[in-house]
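Engineer: One structure follows; several queries about it will come next.
The values are calculated or read from the model by the stated rules, or taken from the named source; none is laboratory data. Computed from a prediction, not measured in an experiment: that's the story for all the values here. Cβ sites come from the backbone with ideal geometry, for glycine too, and all protein chains shown count toward neighbours. SASA here: full protein model, heavy atoms, side chains in, ligands and nucleic acids out. Shrake-Rupley method; radii C 1.70, N 1.55, O 1.52, S 1.80 Å.
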Amino acid sequence: MHVSLFSAPQGAVLQAIDDDGRVSGDPRTVPFDALAEAVAPLEAEHPRWVWDDTSRWYPPLLEAGVRIERCVDLRLSHAILRGSALTEGSALASAARSSWDQPTPEARVQREEHTLFDLEERPVSTAAEDTLVEFALQREAIAAADDPRRIGLLIAAESAGALVAAEIRHAGLPWSAEAHEAMLGEHLGPRPPSGQRPEKLEAVLARLRDALEAPALNPDSPADLLKALGVAGLMVKSTRSWELKKLKHPAIAPLLEYKKLARLLAANGWHWLDTNVRDGRFHPDYVPGGVVTGRWASKGGGGALQLPKQIRGAVIADPGWKFVVADASQLEPRILAALSGDRGMAEAGSAGDLYAGIVASGAVATRDEAKVAMLGAMYGATTGESGRLMPALTRAYPRAIGLVEEAARAGEKGEVVTTRLGRSSPRPGSEWREGQAEAYGETATDADASRARGQARGWGRFTRNFVVQGSAAEWALCWMAGLRGRLHEIGGGLWITDSPHLVFFMHDEVVVHCPEGLAAEVEAAVRAAAAEAGRLMFGPMPVTFPLTVAVVDNYGQAK
DNA sequence: GACGGCTCCAAA
DNA sequence: AACTTTTGGAGCCGTC
């Protein structure tokens, strides 16, 4: 059963839909502030809720204590179906661009200071028929797709991901402001008045200015810094840390130290703490599908997907609770092995360490070489050590390397590539296409041709990476969707935050917050969900997706 | 003063 | 150690 949910001037409308996508029974309108009470009893029948944006409907339901088992997020699904090579013949794919092609109108949601149910006075962006028509179009596109199961799984996983994102934001990651402040105090000194440098940062700066004999140096200005380094005889063309590390000079140590501390202050200092931690929780603001490849993005909310290892010690479980931290080891190369059906590479990963397996196969000499070679294969490196190792890797794993090479060649020609479950890459922009066309024109110079080749290779690196990164993102979605269901079962009917629940996600890593006594059960669930994700996506292909799991009190203790 | 481009660094 | 992919954010600096 499906139940669609949309806005009307009088309130929210609930409309049952049968499996053919046709309206079934009469619509029911309820005031927005009574929506949760209307949804909760229906949820007992396990419907799939159909709505325009999970980020718009679900947070207020969670606030009201209502959890949803499954949904269709029409906007996220639309983006996938619109671009997928698997549905390119559908009416949806050829329809005129509409509001469904716009990103979630979150500005409207967030601008409102009032409760999120206070929708009456806003323009209703999604009229009733829009939601129902769009859903029918999507069902039709999926049913007629080259492989309905694949694209159907992707839609379900993407929508489940949207639920997870809302639930993580709702629950929040346990965060000890006290531990965070202690860490800041240790590295930076006491909190200074706003606009001033902390004591310890100022001290390091004094040593730096001394060493460079530049008393007026502004260390935050790359140009100023470059000049001062030049005067001191240090010829570098950038002030990047890795470049500075190669130099030997009394100024280098304080400079690197300054950069490290300044970064901590700017990215995760007191200001970050003030704006992002409330009542002992950091509430990540994930954007499912926010990256072209299908990865999640994060915005506002403090950069959840760039949470530095340095400050993870402030993530402390509640008393009597634990974190189960799990990351998928060497996810992307394993995804590549599965995608390409490369039995040799699958075999190399079967013992646990894929890179060690590659060494054991004799393709390369050391684990570091295996790692750099694999990264190079997936990113499209041609120079350096990685480029040098490519021929040997290609000989050992022709199918795996062949797959990324083929994706790269498609991109160089401006063609579309598609992930395992059916997310397709965007087409290059008009500038790119014009550049390619001009390179073959009468008036083209060698420089034009060379620039066009460079851009073609650049787009090829993008499509090469797209198939791997995008398929890995799909695996992560399947993993989390399965884990979410299992955690709910373990919770035995308790509310999300009173039972094991997801509190963090970072591309190939999840953190579950759970009562200590359930940690072992949660660990088993995390592993089972990973195995199931592999089966769902790749069937009987014997590729394993081992996890590194740690049960800890403190996120900083994991890995 | 707003804005965009640039540099640098955090994550996977 | 980077090279080579996808991101977000802070600060600087020139332009408007």
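Engineer: Filter the stretch A:218-251 down to the residues that are in contact (Cβ under 8 Å) with a residue 12 or more places away in the chain, within 16 Å of DNA strand C (Cβ to nearest atom) and under 21 Å from A:L201 (Cβ atoms) and list them by number.
Structural biologist: Listed by number, the residues that qualify are A:P219, A:D220, A:P222, A:L225, A:L226, A:A228, A:L229, A:T239, A:S241, A:L244.
Engineer: Now a separate question. Between a residue in the stretch A:130-149 that is in the same structural domain as A:G21 (by TED's automatic domain parsing) and any residue that is open to solvent by 40 Å² or more (accessible area, probe 1.4 Å) and among the acidic types (D, E), which pairs come within a Cβ distance under 8 Å, given they are 6 or more apart or on different chains?
Structural biologist: Note: pairs meeting the criteria are A:R139/A:D20.
Engineer: Counting only residues that are among the acidic types (D, E) and under 28 Å from A:P546 (Cβ atoms), how many does the stretch A:431-482 have?
Structural biologist: The qualifying residues number 1.
Engineer: Could you check, for the stretch A:218-232, whether at least one of its residues is surrounded by 17 or more Cβ atoms within 10 Å (Cβ to Cβ), more than 30 Å from A:D498 (Cα to Cα) and in contact with a Phe, Trp or Tyr (Cβ under 9 Å, 6 or more places away or on another chain)?
Structural biologist: yes
Engineer: Could I ask something else about it? So is A:L208 more than 8 Å from DNA strand C (Cβ to nearest atom) and either under 30 Å from A:S77 (Cα atoms) or within 31 Å of the chain's Cα centre (by Cα) (or both) or not? Full working, then the answer.
Structural biologist: On the way: more than 8 Å from DNA strand C (Cβ to nearest atom): yes; either under 30 Å from A:S77 (Cα atoms) or within 31 Å of the chain's Cα centre (by Cα) (or both): no.
Here the answer is no, as A:L208 does not meet what is asked.
Engineer: Further, regarding this structure: Quick one: which of A:A228, A:A203 is within 16 Å of DNA strand B (Cβ to nearest atom), more than 30 Å from A:G300 (Cα to Cα) and either touching a Leu at 6+ places or on another chain (Cβ under 7 Å) or modelled with pLDDT of 95 or more (or both)? Give the steps one after another, and end with the answer.
Structural biologist: Working: A:A203 fails: within 16 Å of DNA strand B (Cβ to nearest atom).
Exactly one residue qualifies, and that residue is A:A228.
Engineer: Tell me which of these A:A407 doesn't satisfy, since it passes every other one: (1) modelled with pLDDT of 95 or more; (2) more than 16 Å from A:N465 (Cβ to Cβ); (3) of a type outside the set (S, T, N, Q).
Structural biologist: (2)
Engineer: On to the next question. Does the stretch A:29-39 contain at least one residue that is assigned to a helix (DSSP H, G or I) and buried (at least 20 other Cβ atoms within 10 Å of the Cβ)?
Structural biologist: At the first step, the residues of the stretch A:29-39 found to be assigned to a helix (DSSP H, G or I) are A:32-39.
Then drop every residue that is not buried (at least 20 other Cβ atoms within 10 Å of the Cβ), which leaves A:35, A:39.
Scanning the stretch A:29-39, I find at least one residue that is assigned to a helix (DSSP H, G or I) and buried (at least 20 other Cβ atoms within 10 Å of the Cβ), so the answer is yes.
Engineer: Turning to a different aspect of this structure: I need a count of the residues in the stretch A:370-384 that are near DNA strand C (Cβ under 6 Å from one of its atoms), of a type in the set (A, V, I, L, M) and surrounded by 18 or more Cβ atoms within 10 Å (Cβ to Cβ).
Structural biologist: Initially, the stretch A:370-384 is screened for residues near DNA strand C (Cβ under 6 Å from one of its atoms), giving A:372, A:375-376, A:379-381, A:383-384.
Add one more test, that the residue is of a type in the set (A, V, I, L, M), and what stays is A:372, A:375, A:381.
Next cut, surrounded by 18 or more Cβ atoms within 10 Å (Cβ to Cβ) only: A:372, A:381.
The number of residues fulfilling the criteria is 2.
Engineer: Please return the ranges of helices (runs of 4 or more DSSP H) entirely within the stretch A:351-464 where 2 or more residues are closer than 25 Å to A:R535 by Cα and in contact (Cβ under 8 Å) with a residue 40 or more places away in the chain. Let's see the steps before the verdict.
Structural biologist: On the way: elements: A:354-360, A:367-379, A:384-396, A:398-412, A:430-439.
Those helices (runs of 4 or more DSSP H) span A:367-379, A:398-412.
Engineer: Here are some conditions: (1) of a type in the set (A, V, I, L, M, F, W, C); (2) away from DNA strand B (no atom under 13 Å from the Cβ); (3) open to solvent by less than 20 Å² (accessible area, probe 1.4 Å); (4) within 30 Å of A:A396 (Cβ to Cβ). A:L339 meets all but one. Which one does it not meet?
Structural biologist: Against the list (1) of a type in the set (A, V, I, L, M, F, W, C); (2) away from DNA strand B (no atom under 13 Å from the Cβ); (3) open to solvent by less than 20 Å² (accessible area, probe 1.4 Å); (4) within 30 Å of A:A396 (Cβ to Cβ), A:L339 comes up short only on (3).
Engineer: Let me ask something additional. Considering only the stretch A:162-213, how many residues are free of Cβ contacts under 8 Å to residues at least 24 places away in the same chain, part of a loop (DSSP other than H, G, I, E, B) and closer than 18 Å to A:R278 by Cα?
Structural biologist: 0
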